[in-house]
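Undergrad: Dumping the structure here so I can ask a few things about it.
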Amino acid sequence: MKITIEVDSQSVLDVLNRLQRLAARPKPVLLEIGEDLLESTKARFAAQTAPDGSQWAPNSPVTVKRKGRDQPLIGETRTLMSQINYQLLDDVTLEVGSPTVYAAVQQFGAEQGAFGRTSRNAPIPWGDIPARPFLGVSESDEETILDAFARYLRDQD
């Protein structure tokens, strides 16, 4: 299906042309959004919540005993939290993520033995790992993104 609208108002055409021009150059606003998402993602570690606001599953008793505390996704070196970053691809696509090898397992979880077995035939991982989503866009992030785009469009002239 195709919809065609003819506009003969110069003021409407000017606004549409401006939107088209600005939409072709979103790099400045995407960089701002990347910084905002980086901070909100890191804040989830302190709150121990997913982007949807749900609490992360607690660590198993074995993990709590080994770590000495129940802080899911936070190890002594805070590697996962410190390696969250964002990047622009082709100046129009923003990605937020982590290069940490185990980030996907923490985000999505894994069942016992999902990655095979060790040379001693122990399952990898040795137990189920519940999903603890830390990447994503919360309702607050959505508002921040919309505000950033609104400011970008308003301030560009």
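The values are calculated or read from the model by the stated rules, or taken from the named source; none is laboratory data. Please read these numbers as outputs of a predicted model, since none were measured by experiment. Reconstructed Cβ throughout: ideal geometry from the backbone, glycine too, with neighbour counts over all protein chains shown.
Quick grid of which residues meet (1) at pLDDT below 85; (2) in contact with a Ser or Thr (Cβ under 9 Å, 6 or more places away or on another chain):
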position: Leu37; (1), (2): no, yes
position: Ser54; (1), (2): no, no
position: Arg78; (1), (2): yes, no
position: Leu89; (1), (2): no, no
position: Leu94; (1), (2): no, no
position: Ser119; (1), (2): no, no
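Undergrad: Using the structure shown, decide if Thr144 is surrounded by 14 or more Cβ atoms within 10 Å (Cβ to Cβ) and either touching a Gly at 6+ places or on another chain (Cβ under 6 Å) or hydroxyl-bearing (Ser, Thr, Tyr) (or both). Working first, answer last.
TA: Details: surrounded by 14 or more Cβ atoms within 10 Å (Cβ to Cβ): yes; either touching a Gly at 6+ places or on another chain (Cβ under 6 Å) or hydroxyl-bearing (Ser, Thr, Tyr) (or both): yes.
Considered against the rule, which asks whether it is surrounded by 14 or more Cβ atoms within 10 Å (Cβ to Cβ) and either touching a Gly at 6+ places or on another chain (Cβ under 6 Å) or hydroxyl-bearing (Ser, Thr, Tyr) (or both), Thr144 comes out as yes.
Undergrad: Just need a number here: residues in the stretch 89-107 that are surrounded by 14 or more Cβ atoms within 10 Å (Cβ to Cβ) and either small (Gly, Ala, Ser) or out of contact with any helix residue (DSSP H, G or I) (no Cβ under 9 Å at 6 or more places or on another chain) (or both). Please lay out each step first, then the result.
TA: Taking the stretch 89-107 and keeping what is surrounded by 14 or more Cβ atoms within 10 Å (Cβ to Cβ), we get 94, 96-98, 100, 102-103, 105-107.
Going one step further and asking which of them are either small (Gly, Ala, Ser) or out of contact with any helix residue (DSSP H, G or I) (no Cβ under 9 Å at 6 or more places or on another chain) (or both), we end up with 97-98, 103, 105, 107.
Matching residues across the stretch 89-107 total 5.
Undergrad: Follow-up question, since we're still on this one. Does at least one position in the stretch 81-91 carry a residue that is hydroxyl-bearing (Ser, Thr, Tyr), part of a loop (DSSP other than H, G, I, E, B) and out of contact with any Cys (no Cβ under 8 Å at 6 or more places or on another chain)?
TA: Pass one, the stretch 81-91, residues hydroxyl-bearing (Ser, Thr, Tyr): 82, 86.
Restricting the remaining residues to those that are part of a loop (DSSP other than H, G, I, E, B) gives none.
Checked against the condition, which is being hydroxyl-bearing (Ser, Thr, Tyr), part of a loop (DSSP other than H, G, I, E, B) and out of contact with any Cys (no Cβ under 8 Å at 6 or more places or on another chain), the stretch 81-91 yields no hits at all.
Undergrad: Still on this model: Go through (1) under 19 Å from Asp141 (Cα atoms); (2) surrounded by 13 or more Cβ atoms within 10 Å (Cβ to Cβ) and name the single condition Ala110 misses.
TA: Of the numbered conditions (1) under 19 Å from Asp141 (Cα atoms); (2) surrounded by 13 or more Cβ atoms within 10 Å (Cβ to Cβ), the odd one out for Ala110 is (1).
Undergrad: Spot the failing condition for Gln106; the list is (1) touching a residue at least 40 places away in the same chain (Cβ under 8 Å); (2) touching a Leu at 6+ places or on another chain (Cβ under 6 Å); (3) in a helix (DSSP H, G or I), and only one is missed.
TA: Status for Gln106: all satisfied but (1).
Undergrad: Then there is this: Identify all residues within the stretch 113-141 that are of a type in the set (Val, Ile, Thr) and surrounded by fewer than 12 Cβ atoms within 10 Å (Cβ to Cβ); write none if there are none.
TA: Step one: list which residues in the stretch 113-141 are of a type in the set (Val, Ile, Thr), which gives 118, 124, 129, 137.
Within the stretch 113-141, Thr118 is the sole residue that qualifies.
Undergrad: Please determine, by comparing only the residues of the stretch 118-157 that are in a loop (DSSP other than H, G, I, E, B) and hydrophobic (A, V, I, L, M, F, W, C), which one is farthest from Arg44 (Cα to Cα). So that I can check it myself, show each step before the final result.
TA: Filtering the stretch 118-157 for residues in a loop (DSSP other than H, G, I, E, B) gives 118-122, 124-128, 130-138, 156-157.
Those still in the list that are hydrophobic (A, V, I, L, M, F, W, C) too: 122, 124, 126, 131, 134-135, 137.
Numbers: Ala122: 32, Ile124: 27, Trp126: 26, Ala131: 14, Phe134: 6, Leu135: 9, Val137: 11 Å.
By that ranking, first place goes to Ala122.
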